[in-house]
Amino acid sequence: MSQMTQTLTTTPPTDELVVPFHCDRCGALAKVRVVLSSGSDLVFCGHHAREYESKLRDIAVDIIETDSEAHVSR
Ligand SMILES: [Zn+2]
């Protein structure tokens, strides 16, 4: 009897934070990575993260500060 191995649909977040991201809006070094429920993500600098914060809270499943790697999702 063959046992099915667990299929992970989400990519492990470990190796994603080592890459320097740049803000989707202005190209500045990103401070925040926003993971969407669709599985894609957006990156913003501190300025734009604040500007879009209320919108991002609606659509994000996780908001990660790439600076401190702290999870700030609520
Ligand atoms: Zn920006």
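The values are calculated or read from the model by the stated rules, or taken from the named source; none is laboratory data. Given the structure is predicted, the values throughout are model-derived calculations rather than measurements. Every residue, glycine among them, receives a Cβ derived from its backbone with ideal geometry; neighbour counts consider all protein chains shown. What goes into the accessible areas is simple: the full protein's heavy atoms, side chains included, and nothing from ligands, DNA or RNA. Shrake-Rupley method; radii C 1.70, N 1.55, O 1.52, S 1.80 Å.
Please work out how much accessible surface residue 57 shows to a 1.4 Å probe, ignoring ligands, DNA and RNA, in Å² rounded to 10.
Surface open to solvent at residue 57 totals about 90 Å².
I'd like the Karplus ³J(HN,Hα) series for the range 40-50: coefficients 6.51, -1.76, 1.60, θ = phi - 60°, whole numbers in Hz, and an x wherever there's a Gly or Pro.
7, 9, 10, 10, 9, 6, x, 4, 6, 4, 5
Give me the one-decimal nm value for the distance between modelled label points at residue 53 and residue 22, 7 Å along each residue's Cα-to-Cβ direction.
2.6
Heavy-atom accessible area of residue 40 with all protein chains present, probe 1.4 Å, nearest 10 Å²?
Residue 40 has an accessible surface of roughly 60 Å² with all protein chains in place.
Tell me the net charge near residue 25. Cut-off is 15 Å between Cβ atoms, residue 25 excluded, with +1 for each Lys or Arg and -1 for each Asp or Glu.
Values: positive: 31, 33, 50, 55; negative: 24, 41, 51, 53.
Summing Lys/Arg as +1 and Asp/Glu as -1 gives 0.
Taking H placed 1.01 Å from N in the peptide plane, check which residues at least 5 places from residue 21 or on another chain put their amide H under 5 Å from its amide H.
Counting only residues 5 or more places away or on other chains, the set is 30.
Between residue 62 and residue 40, what length comes free when the chain is fully extended (0.36 nm per residue of separation minus the Cα-Cα distance, one decimal in nm)?
Values: separation 22, 0.36 × 22 = 7.92 nm, distance 1.11 nm.
Going from the current span to full extension adds 6.8 nm.
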